[in-house]
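Asks: Below you will find the structure I want to go over with you.
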């Protein structure tokens with residue numbers, strides 16, 4: 001006898017709605033990527049830190065436009081939710097999202113990066129808090145995970161400040177340009193209290 005469980009998040013919860021925009025402090029916002037952001041997305045692939053920690057593909061401006069269109073389709077197919085981090089009315093400084101979405105199983109993975117102009121002021125922690133709240137409480141996921149190289153202490157600080165406790169280390173989990181990296185695994189549950 002097989003046990004059939006109902007989906008944690010019913011189908012249509014994302015695709016039947018527009019992707020929201022969220023306001024952050026200091027005139028910043030999280031908004032869907034737009035075709036006009038293609039130039040900054042292509043340039044982000046050249047940033048040494050983004051290249052090292054995130055391993056993006058090299059994009060032309062045309063390729064970046066197609067990537068942005070793919071993100072819109074992934075929202076409609078409920079596979080991912082990707083936002084630009086930007087000053088209101090200005091070009092993007094970074095990216096945050098929930099990928100590897102499994103709505104029936106109630107899980108997803110936070111991913112992010114920032115260009116140098118957005119770093120060092122707590123912007124990514126604020127963005128992670130906002131998207132985590134959306135994913136866990138508005139969308140209704142049960143668990144969000146966040147992983148990063150053990151050699152990336154900045155990402156570790158962001159994760160813990162945003163309420164993602166460290167659960168463990170995954171050995172040689174991701175290949176970077178300088179070899180295999182162990183990865184920290186952080187996670188946040190729907191039932192976890194908000195970070196202080």
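Asks: For the stretch 117-137, which residues satisfy the criterion of being loosely packed, with under 13 Cβ neighbours inside 10 Å, modelled with pLDDT under 95 and part of a helix (DSSP H, G or I)?
Replies: 117
Asks: Let me ask something additional. Hand me the list of helices (runs of 4 or more DSSP H) wholly inside the stretch 29-107 holding 3 or more residues that are modelled with pLDDT of 95 or more and surrounded by 17 or more Cβ atoms within 10 Å (Cβ to Cβ).
Replies: Passing ranges, in order: 38-44, 61-76.
Asks: Surrounded by fewer than 20 Cβ atoms within 10 Å (Cβ to Cβ), more than 21 Å from residue 43 (Cα to Cα), in contact with a helix residue (DSSP H, G or I) (Cβ under 7 Å, 6 or more places away or on another chain) and touching a residue at least 40 places away in the same chain (Cβ under 8 Å): is that true of residue 190 in this structure?
Replies: Answer is yes for this residue.
Asks: Here is a follow-up. Look through 144, 185 and report the one residue that is surrounded by 15 or more Cβ atoms within 10 Å (Cβ to Cβ) and under 28 Å from residue 27 (Cβ atoms).
Replies: Among 144, 185, only 144 is surrounded by 15 or more Cβ atoms within 10 Å (Cβ to Cβ) and under 28 Å from residue 27 (Cβ atoms).
Asks: When you scan the stretch 138-180, how many residues do you find that are part of a strand (DSSP E or B), at pLDDT below 95 and in contact with a helix residue (DSSP H, G or I) (Cβ under 9 Å, 6 or more places away or on another chain)?
Replies: 1
Asks: Additional query: Based on this model, can you work out whether residue 132 counts as within 27 Å of residue 181 (Cα to Cα) and in contact (Cβ under 8 Å) with a residue 60 or more places away in the chain?
Replies: no
The values are calculated or read from the model by the stated rules, or taken from the named source; none is laboratory data. None of these values were measured; they are calculated from a predicted model. For neighbour counting, all protein chains shown are included, and Cβ atoms are generated from backbone atoms with ideal geometry for every residue, glycine included.
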